[in-house]
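K.L.:
After the structure tokens below, expect a handful of questions from me.
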Amino acid sequence: MCSRVSILARAGPVRGLDVGCGASYIYCLLGAAIHGWHMVGVDVTDEAMDWAQWNIDANPHLKPLLEVRRSGACGTHAARSGLAGSAAGSAEVRV
């Protein structure tokens, strides 16, 4: 019987995606700091993106494991279709 850790070790590096990472970028920071995972955070607001990047820059020892990206058409599609804030609008996130 294999342990979960040994299965993950054989699978190679873990990459995580936090959709709607927000300004704190906390799940990406925790994944990188605790587990050594390569993390990508995605958000739609400029302010969240700026602060997430600030958090990356404030942790130079984790910087190679962290990335922040702007979500593509999520907000545009949701606003046009009247689905802002619904699950149907969030399906448009592209990374």
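The values are calculated or read from the model by the stated rules, or taken from the named source; none is laboratory data. Owing to the predicted nature of the structure, the values given are computational and were not obtained by experimental measurement. As a convention, Cβ positions derive from the backbone with ideal geometry for all residues, glycine included, and neighbour counts pool all protein chains shown.
K.L.:
Among the residues of the stretch 25-47, count how many are closer than 10 Å to Val68 by Cα and buried (at least 20 other Cβ atoms within 10 Å of the Cβ).
P.N.:
6
K.L.:
I've got another one for you. Regarding Cys74, is this residue modelled with pLDDT under 95, on the phi < 0 side of the Ramachandran plot and surrounded by fewer than 12 Cβ atoms within 10 Å (Cβ to Cβ)?
P.N.:
no
K.L.:
While we're looking at this one, here's another question. Looking only at the stretch 50-64, decide whether some residue is assigned to a loop (DSSP other than H, G, I, E, B) and at pLDDT below 95. Walk me through it before giving the result.
P.N.:
The first filter runs over the stretch 50-64 and keeps only residues assigned to a loop (DSSP other than H, G, I, E, B), leaving 58-62.
Restricting the remaining residues to those that are at pLDDT below 95 gives none.
Within the stretch 50-64, not a single residue is assigned to a loop (DSSP other than H, G, I, E, B) and at pLDDT below 95.
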